[in-house]
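Following: one structure in structure tokens, then a few remarks.
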Amino acid sequence: MAKLKLPDGRTISFPDGLSPEQVSSIVEAASAPPAPTDNTAAKTDRERSWGETALDAAKAFGTGIEQGAIGLAGMPADLGRFAGGAVTGGLDWLMGTPPEVAAQNKAKAEAMTANSWLAPPTSASLTKAVESVQGPMYQPQTTFGQYANSVGQFIPGAAAGPGGLARKAALAVVPGMASEAAGQATEGTAMEPYARVGAGLLGGIAAAARPGSVGNALRKEIGNVDAAHASVKAETNALYGQLRQAGVKYDSNAVDQAIQDVAGLRLNQHLSPKAVGLREELVKFQGQGMDFQDLDELERIATGVLRSNIDKTDKKFVSDILEKIQGIRKYGAVATNGSIPANEVNPLIGRAKDLARRNIVADQIDEMGRKAGYYVSGTESGLRNQFASYLKSQKGKGLSTAEKEAFDAVTRREGPMNIAHMLGSRFTMPALGVGGFAMGNPLIGLLGMGVNLAARKGMELSTKKSVENAMATVLAGRSAQNAASAGKKLLTGQRRLQGLLAAEGGSVANRKGAQEPFLIDAQGRAYPFSRRALVGQ
């Protein structure tokens with residue numbers, strides 16, 4: 001065996017009997033500089049170029065979207081398997097089952113679930129299947145890439161919810177950034193997974209709150225909704241008294257027509273006693289008309305009967321009679337004794353009708369809140385169900401556009417808020433708590449219960465705020481709703497215009513005392529700009 005020392009101090013060996021050409025080839029190969037290696041992954045954030053960081057973020061963002069879609073598809077199976085494991089583990093823990101036997105029981109249960117053809121795929125099984133085709137998923141190498149990955153994971157859930165592109169983006173960016181920030185702050189500790197989930201949920205709830213909504217603006221303007229409701233009631237009663245003194249009431253033709261329609265119902269004193277009693281109250285006004293206060297009182301009686309526990313047939317007839325009574329308000333002509341100037345009658349009547357409607361719908365919101373308290377699943381869930389039923393009913397068709405939007409905000413669960421609802425469920429509490437204790441770690445059990453309480457509280461606060469917004473929207477009246485909607489459109493138009501002008505050095509400004517906003521061009525010259533153009537009317 002021959003040996004040769006190279007100039008760099010290394011020694012190479014080669015067998016005897018080689019030709020000069022073979023020896024030269026071996027020496028040349030050994031003397032060649034080593035091939036460059038890619039040490040990008042070993043670089044810190046500061047050592048990377050902008051291009052490397054952007055490429056890492058782009059790859060991480062794409063992987064995040066993929067992970068989010070997989071997580072969304074596997075969520076039902078993940079939650080079901082976790083709940084099942086928590087129950088099994090909890091029973092073993094309560095019964096004092098030896099650890100080795102409990103582990104065997106857990107393994108058997110998981111194997112039975114995994115092998116069942118009815119079992120939906122988990123996120124882990126879906127990830128394994130995807131990686132078997134495309135290879136391991138990309139892991140972010142920079143802090144910026146980690147944030148991009150977290151935001152990407154929220155994209156599929158946000159895309160599945162309602163709203164425009166800006167709203168969907170907010171429902172992904174806000175919880176994604178919050179989740180990653182909380183995760184990095186608690187990295188390496190037992191708190192990390194809970195911090196990521198909790199921050200993501202709170203960020204999602206905040207993003208879904210729609211701070212710029214008409215209902216939110218009206219609630220801030222009105223203040224305390226209970227005080228506003230009492231004020232509307234007082235104003236209504238005062239106006240009713242003024243109209244009664246002036247002899248303003250619905251004429252007998254409209255009232256008699258309603259009585260005639262009700263007389264056509266086949267009522268039986270024994271089968272439908274409440275409906276018969278309500279009909280008798282209505283008949284008292286035959287031939288004499290009915291003022292606003294009388295009509296309100298009759299509607300209140302009918303509504304109270306419908307709330308009571310009566311036979312379905314009786315309730316159906318009472319509902320039919322109430323519809324005829326409400327028809328008087330909608331279609332009846334109004335008479336007056338002439339004590340109020342003719343030019344003041346219609347504005348007062350319009351004001352009275354508007355106030356009456358506000359009172360009725362506000363009372364219905366209060367009633368929905370009362371019923372929601374009896375739901376086994378909790379008040380928050382009850383409110384959502386009550387408002388959803390209202391929107392589907394005939395009453396929901398009479399709501400204005402702003403009121404429908406405010407009512408719909410109460411019922412909405414989308415993206416992170418839907419996950420928050422599941423985690424905050426009363427049925428999730430024992431699964432999270434017992435599951436943690438069953439795994440032999442009381443801290444995990446307590447943290448799980450804390451996540452449940454936090455999610456439930458967050459959902460309750462969000463829903464109650466939405467209910468207050470709905471109440472404020474109704475109490476404000478349609479004129480205020482239209483003004484608030486126009487103001488929101490104006491603000492949106494101004495912001496859009498600011499963006500368009502910014503590229504050319506222009507801007508939008510409101511001059512003190514001016515009725516219209518002004519356009520400011522790049523040279524500083526001002527031009528009045530129509531509000532109607534901004535609003536898009």
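Values quoted throughout were computed directly from the atomic coordinates according to the rules given, and no laboratory measurement underlies them. This structure is a prediction, so every number in the text was calculated from the model and none was measured. Methodologically, a virtual Cβ is constructed for each residue, glycine included, from the backbone with ideal geometry; neighbour enumeration extends over all protein chains shown.
Between their Cα atoms, which of 168/395; 353/395; 404/465 are more than 20 Å away from each other?
Working: 168/395 31 Å; 353/395 16 Å; 404/465 16 Å.
Listed pairs above 20 Å: 168/395.
Gain in length, residue 130 to residue 184, computed as 0.36 nm per residue apart minus the alpha-carbon separation, to one decimal in nm?
Working: separation 54, 0.36 × 54 = 19.44 nm, distance 2.73 nm.
Additional length available on full extension: 16.7 nm.
Can you tell me the FRET efficiency between residue 227 and residue 404 if r is taken as the Cβ-Cβ distance and R0 is 35 Å, rounded to the nearest 0.05? Walk me through the numbers before you get to the answer.
Details: r = 25 Å, r/R0 = 0.71.
It comes to 0.90.
Could you work out how much longer the chain between residue 52 and residue 308 gets when fully extended? Use 0.36 nm per residue separation minus the Cα distance between them, nm to one decimal.
Values: separation 256, 0.36 × 256 = 92.16 nm, distance 6.95 nm.
Gain on extension, residue 52 to residue 308, equals 85.2 nm.
Determine, from the Cβ-Cβ distance of residue 331 and residue 375 and an R0 of 45 Å, the FRET efficiency 1/(1 + (r/R0)^6), rounded to the nearest 0.05. Don't jump to the answer; show the numbers that get you there.
Numbers: r = 37 Å, r/R0 = 0.83.
Efficiency, rounded to the nearest 0.05: 0.75.
If each of residue 343 and residue 245 carries a label point 7 Å out from its Cα toward its Cβ, how far apart are those two points in nm?
Distance between label points: 2.2 nm.
Between residue 144 and residue 25, what FRET efficiency follows from the Cβ-Cβ distance if R0 is 56 Å, with the result rounded to 0.05?
My answer for the efficiency is 0.70.
Using DSSP to call loops (not H, G, I, E or B), can you name the trypsin sites (Lys or Arg not before Pro) in the range 242-271 whose Cβ has at most 13 other Cβ atoms within 10 angstrom? Show your work: numbers first, answer last.
Details: sites: 244, 249, 266; in loops: 266.
Answer in residue order: 266.
Once you have the Cα-Cα distance between residue 257 and residue 192, take 0.36 nm times their residue separation minus that, and quote the gain in nm to one decimal. Can you show the working numbers first?
Numbers: separation 65, 0.36 × 65 = 23.40 nm, distance 6.99 nm.
Result for the pair: 16.4 nm of gain on full extension.
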